[in-house]
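One structure below.
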Amino acid sequence: MKSPLIAPSLLAADFGNLQRDIEMVNASAADWHHIDIMDGVFVPNISYGMPVVKAIEKSATKPLDVHLMIVDPDRYIETFADLGATNLTVHYEACTHLHRTLQAIKSKGMKAGVALNPHTNVMLLEDTLQDIDLVLIMSVNPGFGGQSFIEHTYEKIKALKALITKKNTSTLIEVDGGVTTENSRKLVEAGADVLVAGSFVFKSDNPSNTIKELKESCKN
Ligand code: DX5
Ligand code: ZN
């Protein structure tokens, strides 16, 4: 089985030692730095903003995978391009004109991602899939780290994988929320390409080793 890309979520890092934690990710088997932006409106929590992303960008050596949990994300597409985002993911539920938003993200040289809340059906992407570089399936309700994984996620991944095959696009499937080595293999078997993990990595005794374990948990 193909090893997934691993994107540790810095939301669970120690913000008093952010540079240390970023350097740990740099030196680890991780593939991307996952950056969660919450506005206190789209989700009932506020994470961190531009100055922190700027500081992360200074130390990070891997692509920045930015997950916007904010209303009206069009307002900040240019800002995140300037901050060095590689992937910019917006929520389906926050975009009235999703097609236009995707074009705007790509016109700034970034990969365009769409995140789906647990209640949002993957078939709603049928008419935009050809314009989407990655779909982020939320396996918890967005807003907080450390929540338990929603089991229905496997069905959603399989349905999305089938849609990607049918449409013949190269869209990646990313899963975010409650990911551990308990579910990683099953997620990749279902069709996941990228696994985001926050608490499981940063609250472990040896985060770098935990990243490696996640990466290798899908080997035959
Ligand atoms: C949740 C965020 C996640 C979060 C995952 O709203 O999008 O990226 O950091 O945290 P864990 O892995 O602890 O569920
Ligand atoms: Zn996230």
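One chain, two ends: Asn45 and Glu78. Fully extended at 0.36 nm per residue, the span grows by 9.6 nm beyond their Cα-Cα distance. What the Cβ-Cβ distance of Ser204 and His119 gives, at R0 = 30 Å and to the nearest 0.05, is a FRET efficiency of 0.50. Here each label is just a point 7 Å from Cα along the line to Cβ, and for Asn220 and Ser59 those points are 4.0 nm apart. You can think of it this way: the chain between Arg100 and Met1 has 32.1 nm of extra reach, that is 0.36 nm per residue less the Cα-Cα gap.
At R0 = 35 Å, how high is the FRET efficiency between Ala27 and Val71 if r is their beta carbon distance? Nearest 0.05 is fine. Computed FRET efficiency for Ala27 and Val71: 0.45.
Mind checking which lysines have their C-alpha under 22 Å from Lys54, skipping anything on the same chain fewer than 8 residues away? The qualifying lysines are Lys62, Lys106, Lys108, Lys111. Whole angstrom only: what separates the Cα centroid of the stretch 1-58 from the Cα centroid of the stretch 143-220? Centre-to-centre (Cα) distance: 16 Å.
Charge tally around Lys106: other residues with Cβ under 12 Å, Lys/Arg +1 each, Asp/Glu -1 each, net +1. Both radii come from the Cα set of the chain: Rg as radius of gyration, Rh as Kirkwood radius; their ratio Rg/Rh reads 0.93. Between Glu93 and Ala159, the distance separating the two model label sites (each 7 Å from Cα on the Cα→Cβ line) works out to 1.5 nm. Distant-in-sequence amide contacts of Ala115, defined by a placed amide H-H separation under 5 Å and a gap of 5 or more residues or a different chain, comprise Val90, His91, Tyr92, Leu136.
Summed over qualifying helices (DSSP H, 4 residues or more, each -39500 (n - 2.57)) and divided by its residue number, the chain shows a 222 nm mean residue ellipticity of -9000 deg cm²/dmol.
Here, each number is a calculation from the coordinates, and none is a lab measurement. Because the structure is a prediction, the values reported are computed rather than measured. Ideal geometry is used to build each Cβ from the backbone, glycine not excepted, and the neighbour counts take in all protein chains shown.
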